[in-house]
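The values are calculated or read from the model by the stated rules, or taken from the named source; none is laboratory data. Bear in mind the structure is a predicted one, so any value in this text is a computation, not a measurement. As a convention, Cβ positions derive from the backbone with ideal geometry for all residues, glycine included, and neighbour counts pool all protein chains shown. Surface areas here come from the heavy atoms of the whole protein model, side chains and all, with no ligands, DNA or RNA. Shrake-Rupley method; radii C 1.70, N 1.55, O 1.52, S 1.80 Å.
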Amino acid sequence: MTYNLPVPTAGTHTQPFWDGAKLGKLMLPRCSDCQRVHWYPRFICPHCHSTDLEWIEGSGEGTIHTYAVQHMVFGPWTEEAPFVTAYIDLKEGDRMLTVLRGVDAEKPEEIRIGAAVKVEFEAANEDMHLPFWRVVEE
Ligand SMILES: [Zn+2]
């Protein structure tokens, strides 16, 4: 399958995330001082303002915090609609915005807040593997 949507560009403070993604690992930034994970990657801990940060391999597990069905989208995503976006409560802490897989955008009543999800990666091209989250069968 060819990935025809826009692909993010890695930066100096996000490269460890993309390196992990290529290996199927969900790398998360963690503060070495307060030990809290934060998302998205940045140069300073949003909790205690320390700049002593490290990367850890996350479990790739989480739960749905909230979701939205995207009907009115523009640009290259137009043909993807409707699809579901969600905020995922990461097992390690903080939240990640994602496109949710394993759900029917036409039946949003079947999507459950708190449902268990697991990360998966799709190769957009040779260098970039993108994270998506999928509902785990219960
Ligand atoms: Zn901190």
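Report, ordered by the first and then the second residue, all pairs with beta carbons closer than 6 Å, sequence separation of six or more or different chains, a first member in the range 31-44 that is within 11 Å of the ligand (Cβ to nearest atom) and part of a loop (DSSP other than H, G, I, E, B), and a second member that is of a type in the set (D, E, K, R) and open to solvent by 70 Å² or more (accessible area, probe 1.4 Å).
Ser32/Asp52; Asp33/Asp52
Please go through the range 93-104 and pick out each residue that is more than 13 Å from the chain's Cα centre (by Cα) and buried (at least 18 other Cβ atoms within 10 Å of the Cβ).
Listed by number, the list holds a single entry, Val103.
Within the range 18-28, is even one residue over 20 Å from Lys118 (Cα atoms) and either within 12 Å of the ligand (Cβ to nearest atom) or part of a helix (DSSP H, G or I) (or both)?
No, there is no match, as no residue in the range 18-28 is over 20 Å from Lys118 (Cα atoms) and either within 12 Å of the ligand (Cβ to nearest atom) or part of a helix (DSSP H, G or I) (or both).
Limited to the range 71-100, what total is found for residues that are out of contact with any Lys or Arg (no Cβ under 6 Å at 6 or more places or on another chain), assigned to a strand (DSSP E or B) and without any contact (Cβ under 8 Å) to a residue 24 or more places away in the chain?
3
For the range 48-70, does any single residue satisfy the condition of being on the phi < 0 side of the Ramachandran plot, open to solvent by less than 90 Å² (accessible area, probe 1.4 Å) and at pLDDT below 95?
no
Among (1) surrounded by fewer than 16 Cβ atoms within 10 Å (Cβ to Cβ); (2) under 20 Å from the mean Cα position of the chain (by Cα); (3) modelled with pLDDT of 95 or more, there is one condition Trp77 misses while meeting the rest; what is its number?
All conditions are met except number (3).
Answer yes or no as to whether Asp89 is away from the ligand (no atom under 15 Å from the Cβ) and closer than 15 Å to Phe132 by Cα.
In short, yes.
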